[in-house]
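Chemist: Below you'll find the structure I mean.
The values are calculated or read from the model by the stated rules, or taken from the named source; none is laboratory data. Just so it is clear, the model here is predicted, and its values are computed rather than measured. In this analysis, Cβ positions are derived from the backbone assuming ideal geometry, glycine residues included, and neighbour counts consider all displayed protein chains. SASA here: full protein model, heavy atoms, side chains in, ligands and nucleic acids out. Shrake-Rupley method; radii C 1.70, N 1.55, O 1.52, S 1.80 Å.
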Amino acid sequence: MARRELGPAALAVAQATARCLPAGGEVVVGCSGGADSLALALGAAWASGRVTCGVRCIVVDHGLQSGSAEVAASTVEKLAAAGIRAGAVRVQIDPAAPGGPEAAAREARLAALSAAGVPVLLGHTLDDQAESVLLGLLRGSGTRAVAGMAPVRGPFLRPLLGLRRATTREACREWGVEWWEDPHNEDPRFARVRARGYLSGLTASLGRDVAPALARTAELARIDADFLDHLARDAEQALDLTEPLQVALLLEVPTALRLRILRDWLDGHGVREATMTHIMAVDALVAAWRGQGAVALPGGRVARASGLLVFHPA
């Protein structure tokens, strides 16, 4: 029956979404009006009748572009015409926030979508995952950086990570809806847009589609990173992360776990923006001690004294 109702792309989206819907519950779908999230919303609406799940869409208006309110209103109208409950939410973004407006917009968007306390579906695709892995490789921040986006993290679910961007566009065509093209998706000021171009260039140069391999790398890296994080949490039970750390105890821990312990220790002291370069410099106070001075960090510094690592706030 389903195959007669939907075209192949729409069916792929609907089936992927159906696997994430809770029976008898409710979900929120984040919908920007782009092809990915619009296809996700339509797929969730189709699948909701099969698993008796309520679906509500939220269109977040960041107010960062001229005409953003009109785009949000138009998207709500399209969803309503398809029989989907939808509403727009305006959020305030501080352009001077740490990490820049992109990061601030993402945090505000996720907060607005999760405010109801129910699962939230996000429309990221395999292509988005490949771009995340490439950006993680460029940061050089270790296994977690190339683990990409998790299919499930807290209340956020990403049903379409196994599908291509081309599939969501074709699904919208099969459903007969037009999507909004975000002009930011073509703006090279944004790192993700540049990464998209680099991936296209790599695919053309190598003669093979590199996105699936990068997405598979993310899946494998996430498995390893989750396991190492679990071992690190076990090792932290012997330490008090609110106090100076004993160097002798840290030296007994494998490097892969020690770096994670140091990350969590710094995080506990309010250092939220420590890079892997920062963490490895702190680790050198443990594993490559030559009497060097304190390591400067965002919000403080770490020094070694009398066999202890001591954090000094700024």
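Chemist: Within segment 49-61, does at least one residue satisfy the condition of being more than 23 Å from L126 (Cα to Cα), out of contact with any helix residue (DSSP H, G or I) (no Cβ under 7 Å at 6 or more places or on another chain) and among the acidic types (D, E)?
Modeler: no
For (1) within 27 Å of D127 (Cα to Cα); (2) open to solvent by 40 Å² or more (accessible area, probe 1.4 Å); (3) touching a strand residue (DSSP E or B) at 6+ places or on another chain (Cβ under 8 Å), each residue gets a yes or a no:
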residue: E219; (1), (2), (3): yes, yes, no
residue: F227; (1), (2), (3): yes, yes, no
residue: E236; (1), (2), (3): no, no, no
residue: L245; (1), (2), (3): no, no, yes
residue: T255; (1), (2), (3): no, yes, no
residue: D267; (1), (2), (3): no, yes, no
residue: A274; (1), (2), (3): no, no, yes
residue: L297; (1), (2), (3): no, no, no
residue: G300; (1), (2), (3): no, no, yes
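Chemist: Give the number of residues within segment 83-120 that are out of contact with any helix residue (DSSP H, G or I) (no Cβ under 6 Å at 6 or more places or on another chain) and open to solvent by 50 Å² or more (accessible area, probe 1.4 Å).
Modeler: So the count comes out to 16.
Chemist: Okay, next question. Anything in segment 202-218 that is of a type in the set (G, A, S) and more than 14 Å from Q129 (Cα to Cα)? List them, or say none.
Modeler: Residues satisfying the conditions are A204, S205, G207.
Chemist: Return the residues of segment 203-222 that are farther than 20 Å from L163 by Cα and assigned to a helix (DSSP H, G or I); say none if nothing qualifies.
Modeler: Within segment 203-222, A204, S205, L206 qualify.
Chemist: Determine the pairs where a residue that is part of a strand (DSSP E or B), located within segment 235-252, has a partner that is surrounded by 13 or more Cβ atoms within 10 Å (Cβ to Cβ) with Cβ atoms under 6 Å apart, the partner being 6 or more residues away or on another chain.
Modeler: L245/L309
Chemist: What is the number of the single condition among (1) open to solvent by less than 20 Å² (accessible area, probe 1.4 Å); (2) not in a strand (DSSP E or B) that A45 does not meet?
Modeler: For A45, the failing item is (1).
Chemist: Counting only residues that are farther than 16 Å from D128 by Cβ and free of Cβ contacts under 8 Å to residues at least 12 places away in the same chain, which one in segment 179-201 is farthest from the chain's Cα centre (by Cα)?
Modeler: Here the answer is G201.
Chemist: For A288, work out the one condition from (1) in contact (Cβ under 8 Å) with a residue 12 or more places away in the chain; (2) under 22 Å from A248 (Cβ atoms); (3) open to solvent by less than 50 Å² (accessible area, probe 1.4 Å) it doesn't fulfil.
Modeler: (1)
Chemist: Looking only at segment 126-169, which residues are among the hydroxyl-bearing types (S, T, Y) and part of a loop (DSSP other than H, G, I, E, B)?
Modeler: Result: S141, T143.
Chemist: R109 fails exactly one of the following numbered conditions: (1) within 15 Å of the chain's Cα centre (by Cα); (2) outside any loop (DSSP other than H, G, I, E, B); (3) more than 18 Å from G63 (Cα to Cα). What is the number of that condition?
Modeler: Going through (1) within 15 Å of the chain's Cα centre (by Cα); (2) outside any loop (DSSP other than H, G, I, E, B); (3) more than 18 Å from G63 (Cα to Cα) one by one, R109 breaks only (3).
Chemist: A further question follows. From the list R260, R301, exactly one residue is modelled with pLDDT of 95 or more and closer than 26 Å to G148 by Cβ. Which is it? Don't jump to the end; show me each part of the working.
Modeler: Numbers: R301 fails: closer than 26 Å to G148 by Cβ.
That would be R260, the only listed residue that is modelled with pLDDT of 95 or more and closer than 26 Å to G148 by Cβ.
Chemist: Considering only residues that are touching a residue at least 60 places away in the same chain (Cβ under 8 Å), crowded, with 19+ Cβ neighbours inside 10 Å and not hydrophobic (A, V, I, L, M, F, W, C), which ones fall in segment 144-164?
Modeler: G148, P159 - these are the residues of segment 144-164 that are touching a residue at least 60 places away in the same chain (Cβ under 8 Å), crowded, with 19+ Cβ neighbours inside 10 Å and not hydrophobic (A, V, I, L, M, F, W, C).
Chemist: Is one or more of the residues making up segment 185-198 of a type in the set (D, E), over 30 Å from G307 (Cα atoms) and exposed (fewer than 13 other Cβ atoms within 10 Å of the Cβ)?
Modeler: Quick first cut of segment 185-198, residues of a type in the set (D, E) only: 186-187.
With the extra rule that they be over 30 Å from G307 (Cα atoms), the set shrinks to 186-187.
Retained after the next criterion (residues that are exposed (fewer than 13 other Cβ atoms within 10 Å of the Cβ)): 186-187.
So far as segment 185-198 goes, yes, one or more of its residues are of a type in the set (D, E), over 30 Å from G307 (Cα atoms) and exposed (fewer than 13 other Cβ atoms within 10 Å of the Cβ).
Chemist: Exactly one of (1) over 25 Å from I223 (Cβ atoms); (2) modelled with pLDDT of 95 or more; (3) among the polar types (S, T, N, Q) is unmet by T125. Its number?
Modeler: (1)
Chemist: Answer yes or no: is there a residue in segment 183-202 that is at pLDDT 95 or above and under 21 Å from G34 (Cα atoms).
Modeler: So far as segment 183-202 goes, no, none of its residues is at pLDDT 95 or above and under 21 Å from G34 (Cα atoms).
Chemist: How many residues, within segment 13-33, are open to solvent by 10 Å² or more (accessible area, probe 1.4 Å) and assigned to a loop (DSSP other than H, G, I, E, B)?
Modeler: 8
Chemist: Answer yes or no as to whether H278 is assigned to a helix (DSSP H, G or I) and surrounded by fewer than 16 Cβ atoms within 10 Å (Cβ to Cβ). Write out each step before concluding.
Modeler: On the way: assigned to a helix (DSSP H, G or I): yes; surrounded by fewer than 16 Cβ atoms within 10 Å (Cβ to Cβ): no.
Answer is no for this residue.
Chemist: Name the single residue, out of those in segment 281-314 being among the β-branched types (V, I, T) and outside any strand (DSSP E or B), that is farthest from L138 (Cα to Cα).
Modeler: V286
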